[in-house]
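Down below is the structure, laid out as structure tokens.
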Amino acid sequence: MKLTVNKFLNVRAGEASLNAPCYQFLAPGSELEVDGLIYKGDSFDGIDTWYKDLAGNYYWSGGLHTSTTTQHVAGVTAADIEIFRKNAVFPPMLIDWSQRLTRIPAAIRQTAGAGIRVAVLDSGMEMGHLDMINSVSDSTDFTNSANADRDVQGHGTAMASLIAAKSFSGDQGITGVAPSASIYAAKVMFDRNDPGNFLSVGKGLDYALQQKADVINMSIGRADAVAAVAEKIAQITSAVMFAAAGDWTTSPQLVFPASAREVIPVCAISKAFFDQHQHELPTPLIIIPDRQAWCCSIIFRHYYREENGSSFATAIMSGIAALLLSARKNMPRDKNAMLAALSEFGSTVEQAFNAPETELHFIVKS
């Protein structure tokens with residue numbers, strides 16, 4: 001984890017003490033790499049917390065700029081970090097999804113989704129993932145699973161990471177579209193990889209409203225609507241809802257809940273599919289070119305995986321919605337207002353499908 005020095009700072013060798021040997025100091029603006037843990041030590045100016053680098057040198061925290069991420073890692077132990085590093089197979093480079101949204105102005109991206117709550121209705125969360133520990137404000141199971149809210153599939157963890165992961169190290173792993181947004185994970189998918197009769201989804205929606213979610217992400221779907229769930233969706237007026245339209249191979253038919261009138265459907269398709277079916281596509285619809293995308297996963301899948309399809313596209317759009325809502329404080333949390341805002345930054349078909357892999361574009365079909 002990288003920190004920035006904000007005042008002249010002594011480097012203390014061996015222990016978190018004002019009396020420890022000091023052989024040099026760091027000037028303001030210097031950067032240093034620390035192990036991510038917070039240590040109790042001697043107090044100075046009323047602050048008794050210190051950081052340690054990999055060589056065993058200690059630094060008084062009052063002389064360092066600490067981000068929100070850093071301030072919340074006190075509960076992470078050295079054992080947690082060791083387990084993660086031992087099992088993680090990282091992407092070939094740091095994946096920062098917000099930096100790939102080249103058509104969204106920097107001023108909006110730089111909000112990082114701060115102050116926005118995103119409910120992720122999916123398969124639970126891998127709470128041991130270091131890129132996610134500061135993103136998840138709450139995680140609750142609605143399936144009565146023996147594994148509680150733990151994600152045994154990896155799908156929910158992947159979706160949440162695309163929205164709001166924060167790279168723990170700063171130079172590898174995943175940073176999501178809106179890394180300062182707060183994730184509220186509702187486990188509605190049973191461990192056997194389906195939502196059963198979908199009533200767990202209804203409970204997840206109730207939970208999202210209780211948590212005052214601004215955005216609800218549903219990278220899930222079934223062929224037929226469930227009346228009880230549809231009724232709940234129709235009553236939601238305080239959150240923007242996104243759902244996966246379906247992974248289409250033949251005709252573009254919306255699955256539920258993407259088919260609900262109040263929900264924004266999102267799909268990931270190829271240029272060939274678009275060319276063949278463009279006149280059959282439902283409206284409104286958000287389209288993202290279907291590509292492999294790195295995201296977080298569970299320990300048994302080495303914490304990282306590549307994902308594609310409409311689930312991935314839906315999570316990306318929920319992250320973008322968090323950016324817009326963070327930047328535009330008074331923007332209504334409803335479908336029409338969000339579609340209008342997204343239309344400002346949507347791409348043409350040519351721009352979206354011809355963009356390099358390092359750019360992420362979406363098309364708003366209305």
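If you check residue 8 against the conditions, is it surrounded by 12 or more Cβ atoms within 10 Å (Cβ to Cβ) and either of a type in the set (D, E, K, R) or farther than 23 Å from residue 81 by Cβ (or both)?
No; evaluated as a whole, the condition is false for this residue.
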>> So for segment 81-97 (the condition being surrounded by 20 or more Cβ atoms within 10 Å (Cβ to Cβ), at pLDDT 95 or above and closer than 28 Å to residue 209 by Cβ), does at least one residue qualify?
In response: yes
> Only one residue in 293, 341, 321 is among the aliphatic types (A, V, I, L, M), out of contact with any strand residue (DSSP E or B) (no Cβ under 6 Å at 6 or more places or on another chain) and either assigned by TED's automatic domain parsing to the domain that holds residue 97 or touching a residue at least 12 places away in the same chain (Cβ under 8 Å) (or both). Which one?
Replying inline: 341
> List the pairs whose first member sits in segment 20-42 and is more than 23 Å from residue 167 (Cβ to Cβ), whose second member is surrounded by fewer than 12 Cβ atoms within 10 Å (Cβ to Cβ) and of a type in the set (S, T, N, Q), and whose Cβ atoms are under 9 Å apart, counting only residues at least 6 apart or on separate chains?
Replying inline: 42/19
> Given the conditions (1) touching a Pro at 6+ places or on another chain (Cβ under 6 Å); (2) within 18 Å of residue 295 (Cβ to Cβ), which single one is not true for residue 172?
Replying inline: (1)
> Would it be correct to say that residue 166 is in contact (Cβ under 8 Å) with a residue 60 or more places away in the chain and closer than 30 Å to residue 99 by Cα?
Replying inline: yes
> Mind checking which residues of segment 291-340 are aromatic (Phe, Trp, Tyr) and outside any helix (DSSP H, G or I)?
Replying inline: 294, 303, 304
>> If I ask for residues that are of a type outside the set (D, E, K, R), modelled with pLDDT of 95 or more and closer than 22 Å to residue 327 by Cβ, which ones from segment 116-160 would you list?
In response: 116, 118, 119, 120, 160
> residue 196 versus (1) free of Cβ contacts under 8 Å to residues at least 40 places away in the same chain; (2) of a type outside the set (Lys, Arg); (3) surrounded by fewer than 17 Cβ atoms within 10 Å (Cβ to Cβ): which is the lone unmet condition?
Replying inline: (1)
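List the strands (runs of 3 or more DSSP E) that sit entirely inside segment 3-117 and contain at least 1 residues that are out of contact with any strand residue (DSSP E or B) (no Cβ under 8 Å at 6 or more places or on another chain), within 28 Å of residue 298 (Cα to Cα) and among the basic types (Lys, Arg).
No strands (runs of 3 or more DSSP E) qualify here.
What residue, of 268, 239, is in contact with a strand residue (DSSP E or B) (Cβ under 6 Å, 6 or more places away or on another chain), touching a residue at least 24 places away in the same chain (Cβ under 8 Å) and farther than 21 Å from residue 208 by Cα?
Numbers: 239 fails: farther than 21 Å from residue 208 by Cα.
None of the other options fit; the residue is 268.
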> So which of 358, 348, 314 is under 20 Å from the mean Cα position of the chain (by Cα), at pLDDT 95 or above and either assigned by TED's automatic domain parsing to the domain that holds residue 254 or not basic (Lys, Arg) (or both)?
Replying inline: 314
> Just to be sure, is residue 216 under 20 Å from the mean Cα position of the chain (by Cα), touching a residue at least 40 places away in the same chain (Cβ under 8 Å) and over 19 Å from residue 125 (Cα atoms)?
Replying inline: no
> From the residues in segment 118-156 that are β-branched (Val, Ile, Thr) and either part of a strand (DSSP E or B) or touching a helix residue (DSSP H, G or I) at 6+ places or on another chain (Cβ under 6 Å) (or both), which one is nearest to residue 169 (Cα to Cα)?
Replying inline: 136
>> Looking at the structure I just gave you, is residue 128 in the same structural domain as residue 302 (by TED's automatic domain parsing), exposed (fewer than 15 other Cβ atoms within 10 Å of the Cβ) and out of contact with any strand residue (DSSP E or B) (no Cβ under 6 Å at 6 or more places or on another chain)?
In response: no
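Got a sec? Which strands (runs of 3 or more DSSP E) wholly within segment 224-290 have at least 2 residues that are of a type in the set (Gly, Ala, Ser) and either modelled with pLDDT under 95 or under 19 Å from residue 339 (Cβ atoms) (or both)? Working first, answer last.
Working: elements: 240-244, 264-269, 285-289.
It comes to 240-244.
The values are calculated or read from the model by the stated rules, or taken from the named source; none is laboratory data. Source: prediction; values computed, not measured. Counting neighbours? That spans all protein chains shown, and the Cβs are built from the backbone with ideal geometry, glycine included.
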